[in-house]
Amino acid sequence: MDIALRNAAKEFMVRYGGDAFPNLFVSAKGTIVRDDTGREILDFTSGQMCATIGHNHPAIVEAVNRAGEKAYHMFSGMIPEVVAELAQTVARDWMPERLTKSIFVNTGSESNEVALRMAKMFTGGYEILSVGGSWHGITGGSGAISFASDRKGYGVPTPGVFVMPEPNAYRPYIQADTEEASALACLELGLKMFDMQSSGKGAAIIIEPIISAGGVLVPPKAYMQALRRAADARGMLLIFDEAQTAFGRIGHRTGSEFFGVVPDIMTVSKTLGGGLPMAGTITTSAIEENIHKKGFTYYTSHVSDPLLGEVGLAVLRVLQDEQLVARAGSIGGYLRERLLELQQRYDAIGDVRGEGLLLGVELVQDRESRIPDHDLGARTTKKCFEKGLSMNIRRRPERGSVWRIAPPLTVTRDEIDRATAILDESLRESLDERARSRAA
Ligand SMILES: Cc1ncc(COP(=O)(O)O)c(C=O)c1O
């Protein structure tokens, strides 16, 4: 451990929010990250939900080396061969039929900026309807349409943004007989409010197929179908932000495939770059043609960079060669079973939800009241880390205490068994500790 470097991090780095560890980190391979004490930690968030094929997969390392021999970067008007091949592979092998035209940029936030610019130019409108609990990024446009992140303190957000209540089966805003009826009632109310406020210049409705930062909420299929109809009825485009759901994580090629609903624009990022800053926005040829004629521009320093083309192609090949999409479904099922077993033993586990290897575990004070248990979440997450398991907990007073569990698609049963044993032990110790301190 290099204390001087730990101090340097404190002295010279801006603190950028979120939970930060006191340790520094040195390497990552597969499901394991190693810290500056040499400790191995199971990474059950795939970094920032990006390393779907495992950290530093040899195919990614080779891709980076290949780009080193050919080119990392080019003038943005020079389309590298490898980027043309990536666009073709994305369209032919991964997207729903209508989505054939891609642009490749660097981050999820940026992919959504592209989508918003496309939708505004195509429709001539500017209003964007988003859902509560959404996270689409932190740049100007993407941050303005995000409602899981902190919006306060950064000045005037982009005008024309509307929010409607998200479908949350565990904490429904509107009680109804079924999960589906409750979700549809939220949508109906949200649309009514939007229609009341709209100046008639609707551009798009945007949603993550699984609302991840909002607590890993999986809307009913009928909700997504109704959203498609709602967009069409208003002449707005439907955008799916598939930063986390595209390319296999949920056991399907995309969230669009899972829901059987095709958006007009899909944004992808984390799961395409496999850990490198790679993102894309994919739309139909009709929309692309329309906005091109109107002068559409999204010209940046790193659009279509060959380095990221090599990496994206490598990630997609590994997903196919190692059959990781199907694996996410099967091994995700195994992980879910282990979590459900824990739920049977701990009253504090209120809900286990999600799809494939994007799972959410919600902690409550007791199942009856469903009051979020933020203290238990914080204690247990810390203990897990000390015992060698890194987990991400979303803790916001208004939306519960939810672990987002998303290990690489290459995670083994043995790693899942180790992780759930650590979780079990950490939960038990946290609950015992708290009971002792309350008794004292
Ligand atoms: C669904 C979704 N969209 C967009 C983003 C923003 O991506 P980035 O952080 O790469 O800008 C995130 C990041 O967490 C996300 O989860």
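Can you tell me, using C-alpha contacts under 8 Å and at least 6 residues apart, the relative contact order of the stretch 59-321 as a whole percent?
Result for the stretch 59-321 is 30 percent.
Within the chain, which DSSP H helices have Cα atoms that stretch 15 Å or more along the helix axis and a mean Kyte-Doolittle hydropathy of at least -1.0?
Taking the DSSP H segments of the chain (at least 15 Å long, mean hydropathy at least -1.0), we get 58-69, 108-123, 179-197, 221-233, 306-321, 324-345.
As a test question: what accessible area, to the nearest 10 Å², does residue 247 have when a 1.4 Å probe is rolled over all protein chains in place?
Number for this one is 0 Å².
Provide the per-residue ³J(HN,Hα) series for the stretch 147-157, in order, calculated from phi with Karplus coefficients 6.51, -1.76, 1.60 and θ = phi - 60°, each as a whole number of Hz, with x at glycine and proline positions.
Per residue, the Karplus-derived 3J(HN,Hα) values read 10, 9, 9, 7, 9, 8, x, 10, x, 7, x Hz.
Test of the criteria: in the stretch 286-320, which trypsin sites (Lys or Arg not before Pro) are in a DSSP loop and have at most 12 other Cβ atoms within 10 angstrom of their Cβ?
Sparse-neighbourhood loop trypsin sites (Lys or Arg not before Pro): 294.
What does DSSP give for the stretch 20-177 in terms of the percent of beta bridges that are antiparallel, rounded to the nearest 5?
The antiparallel fraction comes to roughly 65 percent.
Using the Cβ atoms and a cut-off under 12 Å, what net charge is assigned to the surroundings of residue 281, where Lys and Arg are +1 and Asp and Glu are -1?
-4
Counting only DSSP beta bridges with both residues in the chain, what percent are antiparallel, rounded to the nearest 5?
So the antiparallel bridges amount to about 70 percent of the total.
Just how far, in whole angstrom, is the stretch 201-277 from the stretch 133-188 if you go by their alpha carbon centroids?
14
Given 105, 265, 295, which one lies farthest toward the positive end of the charge dipole of the chain, if we put +1 on the Cβ of every Lys and Arg and -1 on the Cβ of every Asp and Glu?
Projecting each Cα onto the dipole axis, the largest value belongs to 295.
When a/c is below 1.5 the answer is rounded, else prolate if a/b is larger than b/c, else oblate, so apply that to the stretch 196-271 with a ≥ b ≥ c taken from the square roots of the Cα gyration tensor eigenvalues.
Judged from the Cα gyration tensor, the stretch 196-271 comes out prolate (a/c at least 1.5, a/b above b/c).
Restricted to Cα positions, what overall size does the stretch 59-321 have along the principal axes? Three whole-Å values, descending.
59, 38, 38
Need one number: % antiparallel among DSSP beta bridges in the stretch 59-321, to the nearest 5.
40
Could you calculate the FRET efficiency of residue 85 with residue 437 from 1/(1 + (r/R0)^6), where r is the beta carbon distance between them and R0 is 45 Å, rounded to 0.05?
According to the calculation, E is roughly 0.15.
Within the stretch 72-175, which chymotrypsin sites (Phe, Trp or Tyr not before Pro) sit in a loop by DSSP and count at most 10 neighbouring Cβ atoms inside 10 Å?
Taking the stretch 72-175 and a limit of 10 other Cβ atoms within 10 Å, the loop chymotrypsin sites (Phe, Trp or Tyr not before Pro) found are 75.
Give the shape of the stretch 1-154 as rounded, prolate or oblate, defined through the alpha-carbon gyration tensor: a ≥ b ≥ c are the square roots of its eigenvalues, a/c under 1.5 means rounded, and otherwise the shape is prolate if a/b is larger than b/c and oblate if not.
Taking the square roots of the gyration eigenvalues as a ≥ b ≥ c, the stretch 1-154 is oblate.
On the full set of protein chains, 1.4 Å probe, figure out the accessible area of residue 193 and give it in Å² to the nearest 10.
90
Okay, helix-only estimate at 222 nm for the chain: each DSSP H run of n ≥ 4 adds -39500 (n - 2.57), divide by all residues, round to 500 deg cm²/dmol; what do you get?
Result for the chain, helices only: -13000 deg cm²/dmol.
Specify the residue with the greatest mean-square fluctuation among 80, 167, 407, computed from a Gaussian network of the chain linking alpha-carbon atoms under 10 Å apart.
Largest GNM mean-square fluctuation: 80.
Figure the gain on full extension for residue 289 and residue 322 (residue separation times 0.36 nm, minus the Cα-Cα span) and round it to one decimal in nm.
Between residue 289 and residue 322, full extension yields 8.3 nm more.
Principal axis extents for the stretch 385-435, Cα atoms only, whole Å, descending order, please.
Principal extents (Cα only, largest first): 33, 26, 15 Å.
With just the Cα atoms defining each centre, how far is the stretch 327-395 from the stretch 67-123? Give it in Å.
Between the Cα centre of the stretch 327-395 and that of the stretch 67-123, the gap is 35 Å.
Remind me, relative contact order of the stretch 132-275 in percent, using alpha carbon pairs under 8 angstrom and six or more residues apart?
19
Can you give the Rg and Dmax of the stretch 30-110 based on its C-alpha atoms, in angstrom?
Cα-based Rg and Dmax for the stretch 30-110 come out at 16.4, 50 Å.
What percentages, rounded to whole numbers, describe P(r) for the chain computed over all alpha carbon pairs with 10 Å bin width beginning at zero?
4, 21, 31, 27, 14, 3, 0, 0
Note down the net charge around residue 118, summing +1 for each Lys or Arg and -1 for each Asp or Glu among other residues with Cβ under 9 Å from its Cβ.
0
Listed here are the pairs 101/293; 29/382; 101/294; 221/383; which of them are more than 26 Å apart at the Cα?
Exceeds cut-off: 221/383.
With a cap of 14 neighbouring Cβ atoms within 10 Å, and only residues DSSP puts in a loop, list the GluC sites (Glu not before Pro) found in the stretch 65-100.
When the GluC sites (Glu not before Pro) of the stretch 65-100 are filtered for loop state and at most 14 Cβ neighbours within 10 Å, 97 remain.
Specify the residue with the greatest mean-square fluctuation among 31, 281, 420, computed from a Gaussian network of the chain linking alpha-carbon atoms under 10 Å apart.
The residue with the greatest mean-square fluctuation here is 420.
Cβ under 14 Å from residue 35's Cβ, residue 35 left aside: what net charge do those residues give with Lys, Arg +1 and Asp, Glu -1?
Result for the local shell: 0.
The values are calculated or read from the model by the stated rules, or taken from the named source; none is laboratory data. Source: prediction; values computed, not measured. Note that we place each Cβ from the backbone using ideal geometry, even for glycine, and neighbour counts take in every protein chain shown. Heads up: the accessible areas ignore ligands, DNA and RNA and are worked out on the full protein's heavy atoms, side chains in. Shrake-Rupley method; radii C 1.70, N 1.55, O 1.52, S 1.80 Å.
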